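**Student:** Here it is: the structure, laid out below.
The values are calculated or read from the model by the stated rules, or taken from the named source; none is laboratory data. Please read these numbers as outputs of a predicted model, since none were measured by experiment. All Cβ positions, even for glycine, are placed from backbone atoms using ideal geometry, and neighbour counts span all protein chains on display. Protein only, heavy atoms only, side chains kept; ligands, DNA and RNA dropped before computing areas. Shrake-Rupley method; radii C 1.70, N 1.55, O 1.52, S 1.80 Å.
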Amino acid sequence: MPATLIKGSEISKQIKEELKQEVSLLKEKYNLVPGLATILVGEDEASKVYVGQKEKTCKELGIYSERINLPNSTTEAELLLLIERLNNESKIHGILVQLPLPKHINETNVLYAIDPKKDVDGFHPVNVGKLMLGEPDFIPCTPHGIQELLIRSGVDTNGAEVVVVGRSNIVGKPIANMLLQKKKGANATVTICHTGTKDLAFHTKRADILIVAAGRPKTITAEMVKEGVVVIDVGVNRLETGLVGDVDFEAVKEKAKAITPVPGGVGPMTIAMLMYNTVQAAKMQSGIK
Ligand code: NAP
């Protein structure tokens, strides 16, 4: 039987609706409006689209948004000065620097300059460390979206064999770390695969839940999964024929119990969780539980 679709487009709508109500309550009870600053350096077309979507979602939810577009010629020192200003700006609770940055700017220096309390991407080492300790303030948006997809679709992770393909700092490592925590929506046995893995299919075939963030179409084919697997396809690959994920969707959906489509799977969840983190940041900075 073909797989059930795990529709991030629908689940993210629910999350945004919940957040909209929370934002309205924060305004009513505490006169608090969460604020997000997004910084875009340069003219990367995909980045412009992403920043535009974030700005639009802020508006929908009643979150204050400040979009800062800087020319490609911006120096690292200028960007660091801007971040320092935003770190001290009380109406801004979250700061997001759209990646990738132009090559002459050191990404690490920039991400480390963001006040960890305003680091709504969850990339600052303080927040990475807290996540690893199981005491996160901010969970990075894409892995958080993946975990919410699993929880809200009723996928039981407790004791499950989870295989993650990809070990990036923004997807693979954090989602693996989150799912191995002794917590609700986690407590799985986690294997992480990468290009150094000798026999990828050996691992993927064992998976009850397979999370693929490799950035390459058809990294996972039907022969590489077992019947009844739950597949989360994080990949976004732009082909001439349109957007595809990392999984051979048409073939794998015939064996899987449930699968995320691309587009409409993980993507919309990432923005919803960015909004969630912005609301959390505003509450934390205002001492609201
Ligand atoms: P990345 O930094 O390029 O990392 C890719 C990882 O996959 C690496 O660890 C790499 O291994 C591993 N890998 C690549 N090919 C492999 C193969 N054939 N077998 C085993 N491992 C393989 O990518 P990323 O930033 O994590 O993103 C992954 C994908 O997710 C991309 O398509 C990206 O566009 C997408 N993405 C989507 C969202 C969203 O919101 N939907 C958010 C973030 C990323 P090595 O470490 O050995 O090189």
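**Student:** Can you go through Thr221, Thr197, Thr278 and tell me which one is within 24 Å of Lys13 (Cα to Cα) and among the β-branched types (Val, Ile, Thr)?
**Tutor:** On inspection, the qualifying residue turns out to be Thr278.
**Student:** Only one of these conditions is not met by Glu76: (1) within 24 Å of the chain's Cα centre (by Cα); (2) at pLDDT 95 or above. Which number is it?
**Tutor:** It fails just one condition, (1).
**Student:** Can you find a residue that is in contact with a Lys or Arg (Cβ under 7 Å, 6 or more places away or on another chain) and not aromatic (Phe, Trp, Tyr) anywhere in segment 211-221?
**Tutor:** Within segment 211-221, the first condition is being in contact with a Lys or Arg (Cβ under 7 Å, 6 or more places away or on another chain), and the residues that meet it are none.
There is no residue in segment 211-221 that is in contact with a Lys or Arg (Cβ under 7 Å, 6 or more places away or on another chain) and not aromatic (Phe, Trp, Tyr).
**Student:** Still on this structure, I have one more. Only one of (1) farther than 24 Å from Leu19 by Cα; (2) more than 11 Å from the ligand (Cβ to nearest atom); (3) open to solvent by less than 40 Å² (accessible area, probe 1.4 Å) is not met by Asp208, so which one is it?
**Tutor:** For Asp208, the failing item is (3).
**Student:** Taking only segment 168-187 into account, find how many residues are part of a loop (DSSP other than H, G, I, E, B) and either closer than 16 Å to Phe138 by Cα or not polar (S, T, N, Q) (or both).
**Tutor:** The qualifying residues number 10.
**Student:** Still on this model: Which one is nearest to Ala214 (Cα to Cα), of the residues in segment 142-160 that are within 16 Å of the ligand (Cβ to nearest atom) and hydrophobic (A, V, I, L, M, F, W, C)?
**Tutor:** For segment 142-160, the residue satisfying everything is Ile146.
**Student:** Please tell me if Ser12 is among the polar types (S, T, N, Q) and either more than 30 Å from Glu254 (Cβ to Cβ) or part of a loop (DSSP other than H, G, I, E, B) (or both).
**Tutor:** No, not satisfied.
**Student:** Can you tell me which residue among Ala256, Ala272, Ala282 is touching a helix residue (DSSP H, G or I) at 6+ places or on another chain (Cβ under 6 Å) and not acidic (Asp, Glu)?
**Tutor:** Going through Ala256, Ala272, Ala282 in turn, the sole match is Ala272.
**Student:** Quick one: what pairs do we get from segment 165-184, first residue more than 8 Å from the ligand (Cβ to nearest atom), second open to solvent by 30 Å² or more (accessible area, probe 1.4 Å), C-beta under 6 Å, 6+ apart or different chains?
**Tutor:** Lys173/Arg167; Ala176/Val190; Ala176/Ile192; Asn177/Met132; Leu179/Val190; Leu180/Val190
**Student:** Could you check Val234 against (1) open to solvent by less than 10 Å² (accessible area, probe 1.4 Å); (2) in contact with a strand residue (DSSP E or B) (Cβ under 8 Å, 6 or more places away or on another chain) and say which number it fails?
**Tutor:** Only one criterion is unmet by Val234, namely (1).
**Student:** On to the next question. Report, ordered by the first and then the second residue, all pairs with beta carbons closer than 6 Å, sequence separation of six or more or different chains, a first member in segment 118-138 that is more than 22 Å from Gln98 (Cβ to Cβ), and a second member that is assigned to a loop (DSSP other than H, G, I, E, B).
**Tutor:** Lys130/Pro136; Lys130/Asp137; Gly134/Gln181
**Student:** Follow-up question, since we're still on this one. Is it true that Val155 is of a type outside the set (D, E, K, R) and in contact (Cβ under 8 Å) with a residue 60 or more places away in the chain?
**Tutor:** Judged against the criteria, Val155 is a match.
**Student:** Out of all the residues in segment 176-213, which are aliphatic (A, V, I, L, M) and over 14 Å from Val164 (Cβ atoms)?
**Tutor:** The answer is Ala201, and nothing else.
**Student:** Please tell me if Ala272 is over 20 Å from the mean Cα position of the chain (by Cα) and within 14 Å of the ligand (Cβ to nearest atom).
**Tutor:** Working: over 20 Å from the mean Cα position of the chain (by Cα): no; within 14 Å of the ligand (Cβ to nearest atom): yes.
So Ala272 fails the test.
**Student:** On to the next question. I'm trying to understand the selection: among the residues of segment 245-266, which are within 18 Å of the chain's Cα centre (by Cα), open to solvent by less than 50 Å² (accessible area, probe 1.4 Å) and within 14 Å of the ligand (Cβ to nearest atom)?
**Tutor:** Within segment 245-266, Gly245, Asp246, Thr260, Pro261, Val262, Gly264, Gly265, Val266 qualify.
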